[in-house]
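Inspection log for the structure reproduced underneath, given as structure tokens.
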Amino acid sequence: MQSAAAVGLLRPCGAATAAAPLQLRNPSPRGFGVRVGQPLLPPRGLRLSAVAPRAGISARRIGLVPASPEQEDERRRGARDVAVAATAAAAGEAGAEEGGGLAKTLQLGALFGLWYLFNIYFNIYNKQVLKVFPYPINITNVQFAVGTVIALFMWITGILKRPKISGAQLAAILPLAMVHTMGNLFTNMSLGKVAVSFTHTIKAMEPFFSVLLSALFLGEMPTPFVVLSLVPIVGGVALASLTEASFNWAGFWSAMASNVTFQSRNVLSKKLMVKKEESLDNITLFSIITVMSFFLLAPVTLLTEGVKVTPTVLQSAGLNLKQIYTRSLIAAFCFHAYQQVSYMILARVSPVTHSVGNCVKRVVVIVTSVLFFRTPVSPINSLGTGVALAGVFLYSQLKRLKPKPKTA
């Protein structure tokens, strides 16, 4: 096939005459209604490539001619710069996320440290006061009084949002406050009778009562593995009790009663508080319970032990007034603080992680109290305590393994 240039339709592009308009020689005057020799102009709005040089438009710019090596290198450098910038931006975002994750980890670690530290100080100072001042109801009410002052201070200053409680909510919270009051009272009664390490060894049986009460009142049946994990808990506590140097039945049954009441509180919270119209966070709920516990225990204190924390009574008993007040206030502050921090941790981690942390906390408290008070511990006693705590850890791990739903 012959080209258009060969038959004379187009002139060669390289000639000097390229600037002239294209002419089409019509062999027949009648074919298109155009006179012979008349230039054939393109339609309005249409420009042929032959006029491109006149307009200053390069064919290379519209992709008709391959780019030169210099232009190709420039294009590649631009693409490479864009890729480097995108990579740097992605790395910056990843670094920011990693930095935020590190900050959260450090914050969580600090909360766990405070949780353990407040718990250690509470148990040590509380035990020192109870050894010379055997009035556990007075001591417990002082702790609730200090907690009430802290809660009111936080609400007044706006550190915590002031709760709006209805009468129905107060009626639902009242049973929780009652068992909370009894649980802390029984704990202090046990601490006043036996060693701190032994009280916390007995309190390791909390999972046993949790499973028992949940099955009886909530219908939550445990899995066989959970039941098996209770065996080392019960066996370890029994072994430690048989060889405990400070053992007495009043301290033992007080700690057991504390387990029952605290686990009853958990069961009641599931059974009663689930129907609340307005949700309360754990810290606010704990503060309300503390205030209610103070008013519940105050009349009991007056009717049983009487007010024994006055300077006159303490001085007549030959006690160091400043020392008793200082240690009591520190213990009361730590009592409220460690429970507040515990709820802050629970808001950041899963219940299983919190349970494991609570198990480790008990180990830390037992070891610290043994070293501080130089409590005599036999090898069998240590073995029993270790077995019980290992059972608690196993229980916390097995609780997260929920049974598969039965298919129809």
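Numbers at a glance
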| read-out | value |
| --- | --- |
| Residue count, region 295-342 (criterion: among the acidic types (Asp, Glu) and at pLDDT 95 or above) | 0 |
| Region 343-370, residues that are at pLDDT 90 or above and among the small types (Gly, Ala, Ser) | SER369 |
| Any hit, region 287-295, residues being farther than 30 Å from PRO376 by Cα, assigned to a loop (DSSP other than H, G, I, E, B) and open to solvent by 30 Å² or more (accessible area, probe 1.4 Å) | no |
| Failed condition for PRO136, given (1) without any contact (Cβ under 8 Å) to a residue 40 or more places away in the chain; (2) open to solvent by less than 50 Å² (accessible area, probe 1.4 Å) | (1) |
| Looking only at region 342-367, and only at residues there that are among the charged types (D, E, K, R) and part of a helix (DSSP H, G or I), the one that is surrounded by the most Cβ atoms within 10 Å (Cβ to Cβ) | ARG362 |
| Within region 283-341, considering residues that are among the basic types (Lys, Arg) and in contact with a helix residue (DSSP H, G or I) (Cβ under 7 Å, 6 or more places away or on another chain), the one nearest to TYR135 (Cα to Cα) | LYS308 |
| Out of PHE393, PHE373, sole residue that is of a type outside the set (S, T, N, Q) and touching a Cys at 6+ places or on another chain (Cβ under 7 Å) | PHE393 |
| Unmet criterion (only one of (1) part of a helix (DSSP H, G or I); (2) open to solvent by 30 Å² or more (accessible area, probe 1.4 Å); (3) more than 13 Å from HIS200 (Cβ to Cβ)) for PRO376 | (1) |
| Residue in region 120-129 that is surrounded by 20 or more Cβ atoms within 10 Å (Cβ to Cβ), on the phi < 0 side of the Ramachandran plot and of a type in the set (Lys, Arg) present | yes |
| Per-region count, region 354-396, residues within 19 Å of PHE208 (Cα to Cα) and of a type in the set (Ser, Thr, Tyr) | 4 |
| Total residues in region 142-174, condition assigned to a helix (DSSP H, G or I) and either of a type in the set (Gly, Ala, Ser) or open to solvent by less than 20 Å² (accessible area, probe 1.4 Å) (or both) | 12 |
| Set GLN315, GLN323, GLN339: member being exposed (fewer than 13 other Cβ atoms within 10 Å of the Cβ) and part of a helix (DSSP H, G or I) | GLN315 |
| Evaluation of ASN266 against (1) at pLDDT below 85; (2) of a type outside the set (A, V, I, L, M, F, W, C); (3) within 21 Å of MET154 (Cβ to Cβ) (one fails), failing number | (3) |
| Test: residue in region 206-217 that is at pLDDT below 95, touching a Phe, Trp or Tyr at 6+ places or on another chain (Cβ under 6 Å) and closer than 22 Å to VAL260 by Cβ | yes |
| Pair list, Cβ under 8 Å, 6 or more apart: region 289-308 residue touching a residue at least 24 places away in the same chain (Cβ under 8 Å), other residue in a loop (DSSP other than H, G, I, E, B) and open to solvent by less than 30 Å² (accessible area, probe 1.4 Å) | LYS308/PHE133 |
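The values are calculated or read from the model by the stated rules, or taken from the named source; none is laboratory data. All figures in this text were calculated on a predicted structure; none of them were measured in a lab. Ideal geometry is used to build each Cβ from the backbone, glycine not excepted, and the neighbour counts take in all protein chains shown. Just so you know, the surface numbers come from the protein's heavy atoms only, side chains and all, with ligands and any DNA or RNA stripped out. Shrake-Rupley method; radii C 1.70, N 1.55, O 1.52, S 1.80 Å.
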